[in-house]
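Undergrad: I am attaching a structure below and will ask some questions about it afterwards.
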Amino acid sequence: MYDYMKALQKRFDRQSHPELDAQIKSAREGLRDGIDAESRRKLLRMLDAQNTLLVESKLMSFTAGFKLAWGMAKELEADGLYSFEREEEEHICHPAEQED
């Protein structure tokens, strides 16, 4: 199910953030010049771990929203699906009952 949810998320989540991407690139280049190689490696490992956590939490949030929507759809289906046409037919076929 994990792979299926990742594929669904990829299909529906098409947001791009060019301004944020540019800020990240600028900050990364600034850090590269200001710290030594060992500190840079540690910082990049930390940023990679943070990015992995962000991706995972984003997928968990998408999955939770999908499950919530699925559960709501099942509840609505159990109560009988709403049909505008059926409601209009009932108004036409039983006008006296509607007035009472």
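The values are calculated or read from the model by the stated rules, or taken from the named source; none is laboratory data. Computed from a prediction, not measured in an experiment: that's the story for all the values here. Here Cβ is always computed from backbone atoms with ideal geometry, including for glycine, and neighbour counts include all displayed protein chains. These area figures cover heavy atoms from the full protein model, side chains too; ligands, DNA and RNA do not enter into them. Shrake-Rupley method; radii C 1.70, N 1.55, O 1.52, S 1.80 Å.
Undergrad: For segment 39-66, name all the residues that are exposed (fewer than 11 other Cβ atoms within 10 Å of the Cβ) and among the β-branched types (Val, Ile, Thr).
TA: Matches in segment 39-66: Thr52 only.
Undergrad: Shifting gears a bit: Give the residues of segment 23-38 that are surrounded by 11 or more Cβ atoms within 10 Å (Cβ to Cβ) and not in a helix (DSSP H, G or I), sorted by residue number.
TA: If the condition is that a residue be surrounded by 11 or more Cβ atoms within 10 Å (Cβ to Cβ) and not in a helix (DSSP H, G or I), then Ile35 is the only one that fits.
Undergrad: Determine if segment 71-80 includes at least one residue that is assigned to a helix (DSSP H, G or I) and open to solvent by less than 80 Å² (accessible area, probe 1.4 Å).
TA: Scanning segment 71-80, I find at least one residue that is assigned to a helix (DSSP H, G or I) and open to solvent by less than 80 Å² (accessible area, probe 1.4 Å), so the answer is yes.
Undergrad: From the residues in segment 7-21 that are at pLDDT below 80 and part of a loop (DSSP other than H, G, I, E, B), which one is nearest to Ser61 (Cα to Cα)?
TA: Checked segment 7-21; the qualifying residue nearest to Ser61 (Cα to Cα) is Asp13.
Undergrad: Can you tell me which residue within segment 1-22, out of those that are farther than 14 Å from Val55 by Cα and among the hydroxyl-bearing types (Ser, Thr, Tyr), is surrounded by the fewest Cβ atoms within 10 Å (Cβ to Cβ)?
TA: Ser16
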